[in-house]
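Chemist: Here you go, one structure.
The values are calculated or read from the model by the stated rules, or taken from the named source; none is laboratory data. Here the structure is a predicted model, which is why all the values come from computation and not from measurement. Methodologically, a virtual Cβ is constructed for each residue, glycine included, from the backbone with ideal geometry; neighbour enumeration extends over all protein chains shown. The protein model used for the area step is the full one, side chains on, heavy atoms only, and it has no ligands, DNA or RNA in it. Shrake-Rupley method; radii C 1.70, N 1.55, O 1.52, S 1.80 Å.
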Amino acid sequence: MSFYEERILPHVINKACSLGQVMKLRSQLVPRAKGRVLEVGMGSGINLEFYNPDQIDMVYGLEPSEGMRRKALPNLNRSPVHVEWLGLPGEQIPLQDNSVDTVLLTFTLCTIPDWHAALLQMKRVLKPGGELLFLEHGESPHENTRKWQNRINPGWKKLAGGCNLNRHIADLIRQAGFELEELENLYMPNAPKIAGYIYKGVARKPETEGNL
């Protein structure tokens, strides 16, 4: 990775992803995780303070960026749950089939190059009936905002570490074979609409589905 990606971008992303309203949304979702958890795109460990240690066996933190893993050290030292790092991208999850109870995605799916392969990997490692908790930004349903998202996206990706403004998060999750159980959409207050349309919810791996 470049100097920008390893030394500068982690600070920028961490700042943007830890604003007050973002943290409020995290605090509503993360405590629902339980059992053995895979957090995809753990970043600087922003979510760690919100885990309920009484419900958690351990957390696998999947994070390919060495810069982000360095920045996570203070949060890891304060963490109420045990974390094991997995230094690989979302398309390569080094866990066994049906081995985790919960997968957590927060502002991560926008950046994974092969989102479909990554979601299939998440589904593979989830136990049947296991939950995918997601909090992501993505495509707006409003035409004018969506036009600007599509227009700006190529340049935005270059500056924001591969982040896409215009992915329809709910559709991507459905296409990977998850059953969408809960979905809340909103514009995040005080955020630009192009980057502030939120998808928050719960999807489940079908009980009867076999391994991929």
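Chemist: Using 0.36 nm per residue, how much length does the chain from residue 185 to residue 96 gain when fully extended, once their Cα-Cα distance is taken away?
Modeler: 28.8 nm
Chemist: A follow-up question, please. Normalised by the empirical 2.2 N^0.38 Å for globular proteins, what value does the Cα Rg of the range 23-159 take?
Modeler: Compactness ratio reported: 1.08.
Chemist: For the range 54-109, state what percent of all Cα-Cα pairs lands in each successive 5 Å bin, counting from 0 Å until the bin that includes the largest distance.
Modeler: Per 5 Å bin, starting at zero, the Cα-Cα P(r) for the range 54-109 comes out as 4, 14, 27, 29, 18, 7, 0 percent.
Chemist: Can you find, among 129, 206, 153, the residue farthest towards the positive end of the dipole of the range 119-210? Put +1 on the C-beta of Lys and Arg, -1 on that of Asp and Glu.
Modeler: 153
Chemist: What does the accessible area per residue of the chain come to in Å², with a 1.4 Å probe and no ligands, DNA or RNA counted?
Modeler: On the way: 9950 Å² over 212 residues.
I get 47 Å² per residue for the chain.
Chemist: So, with a 1.4 angstrom probe, what is the percent of accessible area on the range 53-149 that is carbon and sulfur?
Modeler: Carbon and sulfur: 47 percent of the exposed surface of the range 53-149.
Chemist: How many nm separate the modelled label positions at residue 171 and residue 24, each set 7 Å beyond the Cα in the direction of the Cβ?
Modeler: It is 3.0 nm.
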